[in-house]
Every structure is written in structure tokens, then in C-alpha cells.
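Data block below; observations after.
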Amino acid sequence: MKNLKLILMAGILIFGLSACGKTNVNQESTQQETSSVQAEDKVVTENVEASEDKAEVKAGVFDMEKKIVRLNSGYDMPIVGLGTYALSDEECYNSVLALLENGGRLIDTAYMYHNEAAVGRAVRDSGIPREEIFVTTKIYPTQFDDPKAAIDLALNTLDIGYIDLMLLHHPGTGDVAAYKVMEQYVADGKIKSIGLSNWYVKELDEFLPQVSITPAVVQNEIHPYYQETDVIPYIQDLGIVVESWYPLGGRGYTKALLTNDTIVKIAREHGVSAAQVILRWDLQNGVIVMPGSSNPEHIKENLDVFGFALSDDEMEQIKALNRDEKHDWY
Ligand SMILES: NC(=O)c1ccc[n+]([C@@H]2O[C@H](COP(=O)([O-])OP(=O)(O)OC[C@H]3O[C@@H](n4cnc5c(N)ncnc54)[C@H](OP(=O)(O)O)[C@@H]3O)[C@@H](O)[C@H]2O)c1
């Protein structure tokens, strides 16, 4: 009887410990603890509409119900958000607030956009708990000679306690050393996840063997006219989540995409806008989107991409639009 009691108690203890070890939505496990294990998980581009077992979240799988993806760092990242490139301080502040008021939780900024302070102010003024919001920023190659100063500057300018995701904005001299400093900030908890922007196959091949933490995210130019059909699966197979910049083609190019016959036809069939079709196409490819906008109606519309789904045939039709037409030099 005494032995039976002991066995039962040991069983309860083991069960309790393993339950505590499960990754919580926003924090608990550190990037270093999880990256080596989870980086081996391929990013899965199939989408979860209604998973039966919500407790078992697989890294890289887009959860279309919760509108998040779990990164290889163990943190969850919203899959639709707002880009702030080219937004003035006032536009940026108002746009971030519009995003947050409409349920969006992902904001993309950078040292180079000169609006990190406005992003931080809007996050603080929103009244939304900090841990519900996901802020990405980037350090620029001109800052790689003193990465510690660059990261401290971003932390101070944003003034929101910590950075959810910090990216190296471009490859450049000193990028590996800068990344290694970001790794230290991950260990200190000041940055939750780290990644890269404008890294393609060759750049990744050279870079990855030199660092300890597998990037959680790679952010590259992706839109229907520039689809990176080889690069995306390559990155996803490394267990890294892909994010698109210029999802609507970028300023000066959006009209061509938003009036494209194929996209407009598909949009009409679903009763949605051309922008929503493009964003949904990205999500179904396992690509995070954060279109830029200073128009509250567009910001709201861009978040509303979960009420319809593109068929395999529609995905193929958009795939056929690829022209390998890059809209920026990097
Ligand atoms: N890592 C990098 O190197 C890099 C490079 C470029 C950009 N980015 C990031 O990616 C984000 C997205 O790129 P982007 O903002 O340059 O280009 P984008 O998202 O492709 O396009 C932005 C343009 O689309 C318009 N727009 C947005 N939603 C719309 C809608 N529903 N209907 C019609 N028009 C709409 C915006 O105008 P309105 O203001 O009128 O809505 C704006 O002119 C940037 O903001 C930035 O955060 C990163």
C-alpha cells in the first residue's frame, strides 16, 4: 500500500513537471533553450484552421484561428500586422493606434525609418498590455561597428521594455559580430527573438554556420510579381519563418498589383479587395505580412483576411503571375 502511494505521488510529480515545461504563448522558454531543438522542425506551410489539440503548437505552422505562428525561439508572432516604412512620426503614431484598435498586434519598424519613438509611444498609449503586442525593429549596416550601442539605442528609443524581434536590416561588414551581440541580448531577455532581413540562399549558407541561434525570421521582398519561389521553401526548411516586405509591391507599384486582372477576378469572387487576396495568398504560403499604410480603413481591411480562403487553383493562378520583378535593389 505504502509503495502504491509512493508510485502514485511520483507519477503526479512527473506529470506536473512535464506540464510546467510546455511553452507558454509569450514567454517562459528562452531562445537559446529552444532553438537547437525546434530549428530542426521544418516550417510547415499547411494552415491550421481548427486544431484539435491547441496545447501542442508546432513551430512554423500558421494558426489561422489565433492568427499567430510559433517561432523556433518558442515565442508566438502575429501573422498579419503593420509596416511603418516611410511613415512620419504623426502618421506612424496614428497608424499604430489604428492597428491596435482594430485588433492587430504586429508592428514592423527599423532604425532606418526614424519612427521607433512614435511606435513606442503608440504602444505605451494604447493601453494594451505590452505582452500582447509584438514589435520588430532592425539595426542597419552602418551601425554594425558598434552593435551594442545600436541595440541600446533601439531599446531606449522604443522604450517598451524589450524588443520582440530584432533583425539585421541587410548583410554588411560586421554582420556576424552584430548578430552575436544580439544573441547576448537574447540571453539577457532584452530581445526575445532575432533574425535577418534581405538574406537569400547564398547569404544564409555563409552566415548560419557562424552563429549559435538559428534566426527565427527572415524578412525579404515578396509579392505576386516577385515570389522568391526557390528562396521561401529553402528558408522554411531551415525552420525559419519567412516574412514579406513590399507585400503589395511597395509604393509606386501597388496600383499595378491591385488592378491585376487575375487578382481582381479572384477578389470579386470572394467579395474582398485585391489587397486582401494578396495578403491571404501570402498567409497560405506560410509568409507573414505587414503591409504599410497610413490609412485607417486600409489598416482595418488588411487585418480582415481570415474570413475567406483561396482554393488551390486560385493559389496557382497567382503563382503564375510571378515575373521575378524586384521593386528595390536589395
Ligand atoms: N526589410 C526591408 O528591407 C524592408 C524594405 C521595405 C519595407 N519593409 C517593411 O515592409 C513594410 C511593407 O512595405 P511598404 O509599406 O513599403 O509597401 P507595401 O506594404 O507593399 O505598400 C504600401 C502601400 O500600399 C498602400 N496600401 C496599404 N494597404 C492598402 C489597401 N488595403 N488598399 C490599397 N492600398 C493599400 C499604402 O497606401 P495607404 O497609406 O494609402 O494605405 C502604401 O502606399 C514596410 O512598411 C516596412 O515595415 C522592410
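One table, with the values for the structure above:
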item: Residue, farthest from the ligand (Cβ to nearest atom), within segment 248-264, restricted to residues that are outside any helix (DSSP H, G or I) and surrounded by fewer than 17 Cβ atoms within 10 Å (Cβ to Cβ); result: Thr259
item: Only one of Tyr200, Tyr225 that is farther than 25 Å from Asp312 by Cα and not small (Gly, Ala, Ser); result: Tyr200
item: Which numbered condition Ile318 fails, given (1) surrounded by 22 or more Cβ atoms within 10 Å (Cβ to Cβ); (2) within 15 Å of the ligand (Cβ to nearest atom); (3) β-branched (Val, Ile, Thr); result: (2)
item: Residue in segment 244-256 that is over 25 Å from Asn94 (Cα atoms) and not acidic (Asp, Glu) present; result: yes
item: Residue check for Asp304: within 10 Å of the ligand (Cβ to nearest atom) and within 23 Å of the chain's Cα centre (by Cα); result: yes
item: Test: Met77 is touching a strand residue (DSSP E or B) at 6+ places or on another chain (Cβ under 8 Å), outside any loop (DSSP other than H, G, I, E, B), surrounded by fewer than 20 Cβ atoms within 10 Å (Cβ to Cβ) and at pLDDT 95 or above; result: no
item: Selection status of Met182, farther than 24 Å from His327 by Cα and either more than 10 Å from the ligand (Cβ to nearest atom) or under 20 Å from the mean Cα position of the chain (by Cα) (or both); result: yes
item: Selected residue (criterion: nearest to the ligand (Cβ to nearest atom)) from residues of segment 265-296 that are assigned to a loop (DSSP other than H, G, I, E, B) and among the hydrophobic types (A, V, I, L, M, F, W, C); result: Met290
item: Residue count for segment 270-329, restricted to those that are farther than 27 Å from Phe134 by Cβ, touching a His at 6+ places or on another chain (Cβ under 9 Å) and without any contact (Cβ under 8 Å) to a residue 40 or more places away in the chain; result: 0
item: The one condition in (1) part of a loop (DSSP other than H, G, I, E, B); (2) surrounded by 15 or more Cβ atoms within 10 Å (Cβ to Cβ) that Ser193 fails to fulfil; result: (1)
item: Flag for Asp328 being touching a strand residue (DSSP E or B) at 6+ places or on another chain (Cβ under 9 Å), more than 13 Å from the ligand (Cβ to nearest atom), acidic (Asp, Glu) and part of a loop (DSSP other than H, G, I, E, B); result: no
item: Residues located in segment 66-87, provided they are more than 16 Å from the ligand (Cβ to nearest atom) and either without any contact (Cβ under 8 Å) to a residue 40 or more places away in the chain or not charged (D, E, K, R) (or both); result: Lys66, Ile68, Val69, Leu71, Asn72, Ser73, Gly74, Tyr75
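A quick yes/no check of all residues on (1) assigned to a loop (DSSP other than H, G, I, E, B); (2) over 17 Å from Ala216 (Cβ atoms); (3) polar (S, T, N, Q):
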{"residue": "Ala86", "(1), (2), (3)": "yes, yes, no"}
{"residue": "Leu99", "(1), (2), (3)": "no, yes, no"}
{"residue": "Ala117", "(1), (2), (3)": "no, yes, no"}
{"residue": "Ile160", "(1), (2), (3)": "yes, yes, no"}
{"residue": "Leu167", "(1), (2), (3)": "no, no, no"}
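Each row is one residue, and each column tells you yes or no for (1) buried (at least 22 other Cβ atoms within 10 Å of the Cβ); (2) more than 27 Å from Gly104 (Cβ to Cβ); (3) touching a Ser or Thr at 6+ places or on another chain (Cβ under 6 Å); (4) touching a residue at least 40 places away in the same chain (Cβ under 8 Å).
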{"position": "Thr137", "(1), (2), (3), (4)": "yes, no, yes, no"}
{"position": "Ala154", "(1), (2), (3), (4)": "yes, no, yes, yes"}
{"position": "His170", "(1), (2), (3), (4)": "no, no, no, yes"}
{"position": "Val181", "(1), (2), (3), (4)": "no, yes, no, no"}
{"position": "Gly189", "(1), (2), (3), (4)": "no, no, no, yes"}
{"position": "Val201", "(1), (2), (3), (4)": "no, yes, no, no"}
{"position": "Leu204", "(1), (2), (3), (4)": "no, yes, no, no"}
{"position": "Val211", "(1), (2), (3), (4)": "no, yes, no, no"}
{"position": "His223", "(1), (2), (3), (4)": "yes, no, no, yes"}
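The values are calculated or read from the model by the stated rules, or taken from the named source; none is laboratory data. All figures in this text were calculated on a predicted structure; none of them were measured in a lab. Here Cβ is always computed from backbone atoms with ideal geometry, including for glycine, and neighbour counts include all displayed protein chains.
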